[in-house]
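One structure is given below, encoded as structure tokens.
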Amino acid sequence: MGKIKVFTPGGLQALLSKMVQIKVTADGSTSAVTELGEELAMFTELVAEELRGKRDNAQFASCVLPATGWIQDGAGGYTYWLDVLAEGITDRDRAEVLLAPSSQGTAQKCALCPSCETLDGRIRFWAASIPTADISAEYWIEKGSE
């Protein structure tokens, strides 16, 4: 059997179909059972290869959302936005932001949006009003696909 890319559309289904086919043809044949074992070992290696480094590929950084520099655009409930520079980030990446406990009250008062947007070199935040003080945060970047 050729290499199956499990994490591509139809890849897992192709692997499972092959495994069922091998099991059906086994009927007591030790060579088919051996082949099934080899396919399962290959499957395990493919999964490990796909997952290798996924947990450790996030980049961490601290940041501050200053009380100055917010831009009003009047769209929707979050009428202000601010871009925070984030070196190496692209619009394909994902940012997970956690606010410092000391900044929670400030974030609530300005109705800071719970989501953000990644853009090339920056992370965009939205708020219903301009914060009255700087907001301290940290973020992790999960690199997106090329």
What FRET efficiency do you get for THR34 and SER145 if R0 is 30 Å and r is their Cβ-Cβ distance, rounded to the nearest 0.05?
0.25
Measuring from label point to label point, each 7 Å out along Cα→Cβ, what is the ILE130 to THR44 span in nm?
6.1
For ILE71 and ARG92 in one chain, what is 0.36 nm times their gap in residues minus the Cα-Cα distance, to one decimal in nm?
5.2 nm
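No lab work stands behind these numbers, since they all come straight from the coordinates. Computed from a predicted model, the values in this text were never measured in an experiment. Heads up, the Cβs are rebuilt from the backbone with ideal geometry, glycines too, and the neighbour counts pull from every protein chain shown.
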